[in-house]
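For reference, the structure is listed below as structure tokens.
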Amino acid sequence: MDILWYGHACFRIKDRTATIITDPFDKSIGLSPVGLKGDIVTISHPHPGHSNAKAVRGNPFVIDGPGEYEVSGVFITGISSYHDTRNGREYGKNTIFVFEMEGLRVCHLGDLGHIPSQSQVEAIGDINVLLVPVGGGASLKASQATEVVSLLEPSIVVPMHYRLSGLTMKLDPVSKFLKELGVAETEEQDALKVSASSLPEETQVVLLRPKLENGD
């Protein structure tokens, strides 16, 4: 499985049978939308920075809410959550997505704005790769993201939704999360290539370099 990051909460997750695009954004957030092709698009919530499904080519199957799905050989679970700490009264609902593909379980937290409840943690289950917002604003801040990592105990943690050059919203830098987690500055990688047999024994943080240009 290959995982690429296109900035903010937008990833391309690709295995031998399917390509998933998560939370494609539009230009209103200050980053240029990427012209990606995918079989499946997931939308965590209907905000411009996360719901530009029309930017994804290939007539993809779009999932924008909770439920259980099987598309192109991928099992997907959408788990209801909130974009704030007030049960959605401030920013609305958020959907956490868990993807099961190639013997791995990848969790994209979307714009989660609170610590998951015990029932939500149980619904998420065992996670190999966690894509977690860490920049604060209307989603998890560094200390909360660290708590979520402790709750879910993934093999690999990939930070997202933090300060980037050009981004119009005010978010904290990823260094704040790394400090909270007690991790030294980590060199960015262009891609995360992972298989069930290559998972680390202890939780590892992987910083991805955002691909802020068009591509397949």
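The values are calculated or read from the model by the stated rules, or taken from the named source; none is laboratory data. Small disclaimer: the values here were computed from a predicted structure and weren't measured. Here Cβ is always computed from backbone atoms with ideal geometry, including for glycine, and neighbour counts include all displayed protein chains.
Of the residues screened, ASP39 is one that is closer than 14 Å to ILE20 by Cβ and either of a type in the set (D, E, K, R) or surrounded by fewer than 20 Cβ atoms within 10 Å (Cβ to Cβ) (or both). When every residue of segment 142-161 is checked against the conditions, at least one turns out to be surrounded by 21 or more Cβ atoms within 10 Å (Cβ to Cβ), in a loop (DSSP other than H, G, I, E, B) and not charged (D, E, K, R). When segment 162-177 is filtered for residues that are of a type in the set (Val, Ile, Thr) and surrounded by fewer than 17 Cβ atoms within 10 Å (Cβ to Cβ), only THR168 remains. Scanning segment 162-196 for residues that are over 26 Å from ASP15 (Cα atoms), assigned to a loop (DSSP other than H, G, I, E, B) and either without any contact (Cβ under 8 Å) to a residue 24 or more places away in the chain or aliphatic (A, V, I, L, M) (or both) gives LEU164, SER165, LEU167, MET169, LEU171, GLY182, VAL183, ALA184, GLU185.
Yes/no per residue for (1) more than 15 Å from the chain's Cα centre (by Cα); (2) modelled with pLDDT under 95; (3) β-branched (Val, Ile, Thr):
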residue: GLY137; (1), (2), (3): yes, yes, no
residue: VAL158; (1), (2), (3): no, no, yes
residue: TYR162; (1), (2), (3): no, no, no
residue: LEU192; (1), (2), (3): no, no, no
residue: GLU201; (1), (2), (3): yes, yes, no
residue: LEU212; (1), (2), (3): yes, yes, no
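Could you go through segment 78-86 and let me know if any residue there is among the polar types (S, T, N, Q), assigned to a loop (DSSP other than H, G, I, E, B), more than 20 Å from VAL134 (Cβ to Cβ) and at pLDDT 90 or above. No, that holds for no residue. What number of residues in segment 95-112 are in contact with a Phe, Trp or Tyr (Cβ under 6 Å, 6 or more places away or on another chain) and buried (at least 18 other Cβ atoms within 10 Å of the Cβ)? Residues flagged as in contact with a Phe, Trp or Tyr (Cβ under 6 Å, 6 or more places away or on another chain) and buried (at least 18 other Cβ atoms within 10 Å of the Cβ) within segment 95-112 amount to 2.
Of the listed requirements (1) in contact with a Lys or Arg (Cβ under 7 Å, 6 or more places away or on another chain); (2) assigned to a loop (DSSP other than H, G, I, E, B); (3) at pLDDT 95 or above, VAL98 misses just one: (2). Screening segment 1-34 for residues that are over 13 Å from LEU131 (Cα atoms) and among the polar types (S, T, N, Q) and picking the one that is nearest to the chain's Cα centre (by Cα) gives THR19. The conditions of being in contact with a helix residue (DSSP H, G or I) (Cβ under 9 Å, 6 or more places away or on another chain), buried (at least 17 other Cβ atoms within 10 Å of the Cβ) and not acidic (Asp, Glu) are met by VAL132. The lone criterion from (1) part of a loop (DSSP other than H, G, I, E, B); (2) modelled with pLDDT of 95 or more; (3) surrounded by fewer than 22 Cβ atoms within 10 Å (Cβ to Cβ) left unmet by PHE75 is number (1).
Residues of segment 1-34 that are part of a strand (DSSP E or B) and closer than 24 Å to SER165 by Cβ: ILE3, LEU4, TRP5, PHE11, ARG12, ILE21, THR22.
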